Every structure is written in structure tokens, then in C-alpha cells.
Amino acid sequence: MKITVRVWRQPNAQAEGRMVSYDVDEVSTDMSFLEMLDVLNERLTLRGEDPIAFDSDCREGICGMCGVVINGEAHGPVQTTTCQLQMRSFSDGDVIDIEPWRADAFPVVKDLVVDRSAFDRIIQSGGYISAPTGAAPDSHAMPIPKDDADTAFDAATCIGCGACVAACPNGSAMLFTGAKITHLGLMPQGQPERDSRVIGMVSAHDEEGFGGCTNIGECAAVCPKEIPLQVISRLNRDMLHALSRCSNVSD
Ligand code: SF4
Ligand code: FES
């Protein structure tokens, strides 16, 4: 295939960015989207031009490092990670726009790379448990209802890619935060910090500049791990519960 990509180029966080067009020929339908960018970067390097900066690591959908907006959609036309998107999803002659995540809380570092350390700070403010470490406990020592275990596991599959934020018109990270609250809040080990966790993580979410959730649902529609909107309901329920306990204690 021969395609044209229009890529957001921005030398650094302070500089102005712009879309730059590149023709890419000999693109195989068996290539991944990132391999197509690798090929383009090799050609740019051989021509003495600056290669396009983008993030990736595992390239198998588990680390959460990759993520760009492709033709206006976070991670592109298929509900998967950018690294698992294949060029067979495109056609010969296509013009493909590639932009970084657009959100105030994710400032552009260079080209398609954004700073997602705001997610780390949300995790630091409550995404942990205080259970003592040591030898691995027996697998059946602490019975957990199957539904709770399954829901917690599904929430734990969030890879922190940030597509939910990029897709949300409010730039909200409530799907990400709700996934962490659900994952830990359903486990017996997560109970001691359950109240402080939700208050701490939601406060950090707001302080980082993420917007509020207005139930639009774009986040869940692009999430490569199919995290459901119910995690946000659970977050809201935990928040109300935590606040009512705080006010009861102060009464
Ligand atoms: S909730 Fe989904 S889209 Fe958001 S960070 Fe987690 S895996 Fe990515
Ligand atoms: S590079 Fe790890 S999820 Fe895409």
C-alpha cells in the first residue's frame, strides 16, 4: 500500500506544533501501525531528518505505554491498543491523521509523546493496600465471592494508557480512577484504606486538572481493556459512603 500520514510534530513542550505530511510506500498489510511508523522513522533518519517521537514498550497490549489519536479516535478505528492495531485496518491511498493525546493534564513532551505522570500521582494518593508482605498465603485462606473476584480482576486489567482521558470531551480520568478503586475496594485486603483511598485518589484526580464525569461514555467506548462505566458508579458510591462516614465521625 501507499499511504499518506499527517503527523503532529512539536519539537518540545514549549514550541508550537503543526501537522506534517509524509508519503509512506511499500506498507504491508501485515505490519502493525507502530511498525509502519518505525519504517517511516528509518527513512527520515536516512534523510537526516528528526524521527517522529512516540511511546511504546511491550507492543503486545499490556504495558499501556503506547497511545495516539488516529483519525480523531483514541487508539484508532479498532478498540485495541495502538501497538495492536494492524495496517490491514487501512486501505491503499488512505490519508491518516496521527496526533498525541489531547488533554490539559497530559502535556505534550515531543511530537506524539505526552507526559502521563498525573496518573502516577493519582495511584500514589491511594492505589495501594497495607497488607503485610511475606510468604505467599495459601490460595484458599481468604474466601472471596466469585463475582467480586471476577469484577476486581476485570478492573485490574486497566493498563493506564490514557485513551479514556483523550476520548472524553471533559478530559476526565474517572474510568481509570474508578478501575483502581474497584480493583482494590472489592478485595478484603483493600478494606482498611477504602475510605481514604477514594477521597485521596479523587482529590488527586481533580488537582491534576482532569475534568469531571458527565456520563458521556466515550471513555468506555475506546478503552482497549473494555473497562465498563460501572467502575465510575462504584467510585461515586464509595465516595458518598466515605464522605458520610467522615461527617458522622466529625458529628
Ligand atoms: S480505563 Fe481503559 S482507556 Fe483508561 S487508562 Fe485504563 S485501560 Fe486505558
Ligand atoms: S506498547 Fe505496551 S500496550 Fe502498547
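Tabulated data for the structure shown
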| quantity | calculated |
| --- | --- |
| Residue list for region 47-93, filter: touching a Phe, Trp or Tyr at 6+ places or on another chain (Cβ under 9 Å), of a type in the set (A, V, I, L, M) and either away from ligand 2 (no atom under 13 Å from the Cβ) or not in a loop (DSSP other than H, G, I, E, B) (or both) | I52, V69, I70, A74, M87 |
| Qualifying residues in region 65-98 (those that are of a type outside the set (A, V, I, L, M) and crowded, with 21+ Cβ neighbours inside 10 Å) - the one farthest from ligand 1 (Cβ to nearest atom) | F90 |
| Residue within region 172-184 that is more than 15 Å from ligand 1 (Cβ to nearest atom) and not polar (S, T, N, Q) present | no |
| Every residue from region 209-244 that is charged (D, E, K, R) and surrounded by fewer than 18 Cβ atoms within 10 Å (Cβ to Cβ) | E226, R237 |
| Residue check for T182: surrounded by 22 or more Cβ atoms within 10 Å (Cβ to Cβ), touching a residue at least 40 places away in the same chain (Cβ under 8 Å) and of a type in the set (S, T, Y) | yes |
| From V24, V69, residue being farther than 29 Å from S117 by Cα and among the hydrophobic types (A, V, I, L, M, F, W, C) | V24 |
| Enumeration of residues in region 99-111 that are of a type in the set (A, V, I, L, M, F, W, C) and within 16 Å of ligand 1 (Cβ to nearest atom) | W101, A103, A105, F106 |
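The numbers here are math on the coordinates, done by the rules we state, and not lab data. This one's a predicted model, so the numbers in the text were calculated from it and none came from an experiment. Positions of Cβ are backbone-derived with ideal geometry, glycine not excepted, and every protein chain shown enters the neighbour counts.
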